[in-house]
1. Which of the numbered conditions does residue 157 fail, given that it passes all the others? Conditions: (1) farther than 18 Å from residue 339 by Cβ; (2) in contact with a strand residue (DSSP E or B) (Cβ under 7 Å, 6 or more places away or on another chain); (3) surrounded by fewer than 18 Cβ atoms within 10 Å (Cβ to Cβ).
2. Restricting attention to segment 280-312, report how many residues are out of contact with any strand residue (DSSP E or B) (no Cβ under 8 Å at 6 or more places or on another chain) and at pLDDT 95 or above.
3. Taking the residues in segment 96-121 that are exposed (fewer than 12 other Cβ atoms within 10 Å of the Cβ) and either touching a strand residue (DSSP E or B) at 6+ places or on another chain (Cβ under 9 Å) or within 26 Å of residue 157 (Cβ to Cβ) (or both) as candidates, determine which candidate is modelled with the lowest pLDDT.
4. Can you name every residue in segment 280-305 that is in a strand (DSSP E or B) and over 16 Å from residue 256 (Cβ atoms)?
5. If residue 275 passes every condition in (1) farther than 22 Å from residue 342 by Cβ; (2) modelled with pLDDT of 95 or more; (3) under 18 Å from the mean Cα position of the chain (by Cα); (4) surrounded by 19 or more Cβ atoms within 10 Å (Cβ to Cβ) but one, which one does it miss?
6. What residue, of 206, 277, is part of a loop (DSSP other than H, G, I, E, B) and in contact with a helix residue (DSSP H, G or I) (Cβ under 9 Å, 6 or more places away or on another chain)?
7. Kindly list the number of the only condition in (1) closer than 15 Å to residue 244 by Cα; (2) modelled with pLDDT of 95 or more; (3) not in a strand (DSSP E or B) that fails for residue 265.
8. Name the single residue, out of those in segment 307-334 being crowded, with 20+ Cβ neighbours inside 10 Å and under 15 Å from the mean Cα position of the chain (by Cα), that is farthest from residue 285 (Cα to Cα).
């Protein structure tokens, strides 16, 4: 083997090693001095257990109280993201159903439909766990988030869900009042036929919108938009999403300094936190062997120092933003979609 060929092989090996190191560096954890003081986790975590809404009170759990875990809403078909009201007295949640269409010419099919509902903690504590109130009624609303900076709710809906012969979905980001009134579409291009959509929205205190872009029939990456950028062209949105490939399910921290997300990569899954411009990305959690991460938005604790999320073996986890203190709160079992109280 010639000396020149050896040099080429050595250079190639060095490049591969450098690429590996870069990958490791990209998955660094947040330095403790940047995270600041991290106190023990507090507050309440709502989640779905076997499609019903439950609440775990971390403060009462730490005191060894037997009533730390309570069934709040026996809905039986909860499906998707939960969100607390600012006063922590109500929980928005999604329920799902199905449409099974058999047309006369034998065409049709089955697909899921969704609507948003409100559960009331006071009602549950009075032992009325079968009460909830409908918020949306168009069969397409899902994954609500009670706004951090206002009393508005942001969510995504399928504009075609209540059209029996609709061939394709038409997902749009919307806002509304918590009672379902004053519904508004974020964008005005809902009649486009490009099959490029925003899904899984989260909104900061100052109105910045973080969404997952869906195109080419799959979730691609996260885009962050200031209010004056809501109407950017679809080509611009795609270009931004391609810079964050496989980063999905965004969620703003309650102080609006960080965005948590799920890296949707079967070979390298993880929960991360990033700066809003995504120039900083820090690994928080890697799922245990035999499980993966639900591509549902993680949820920040009130102090923005902790996250809660779920793994596909039906477990609820918490971990601080430096990647320390990871703890399984439940499961393996039938648990999903955790949301930390405000």
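The values are calculated or read from the model by the stated rules, or taken from the named source; none is laboratory data. Nothing here was measured: the structure is a model prediction, and the numbers come from that model. Every residue, glycine among them, receives a Cβ derived from its backbone with ideal geometry; neighbour counts consider all protein chains shown.
1. (3)
2. 2
3. Initial filter on segment 96-121 (exposed (fewer than 12 other Cβ atoms within 10 Å of the Cβ)): 97-98, 100, 102-107, 109-110.
After this cut, where a residue has to be either touching a strand residue (DSSP E or B) at 6+ places or on another chain (Cβ under 9 Å) or within 26 Å of residue 157 (Cβ to Cβ) (or both) as well, the list is 97-98, 100, 102-103, 107, 109-110.
On the way: 97: 94, 98: 90, 100: 83, 102: 79, 103: 76, 107: 69, 109: 74, 110: 77.
Per the criteria, the residue is 107.
4. Across segment 280-305, the qualifying residues are 281, 282, 283, 284, 285, 293.
5. Against the list (1) farther than 22 Å from residue 342 by Cβ; (2) modelled with pLDDT of 95 or more; (3) under 18 Å from the mean Cα position of the chain (by Cα); (4) surrounded by 19 or more Cβ atoms within 10 Å (Cβ to Cβ), residue 275 comes up short only on (4).
6. Values: 277 fails: in contact with a helix residue (DSSP H, G or I) (Cβ under 9 Å, 6 or more places away or on another chain).
Just a single option satisfies the conditions, and that option is 206.
7. (2)
8. Out of the qualifying residues, it is 316.
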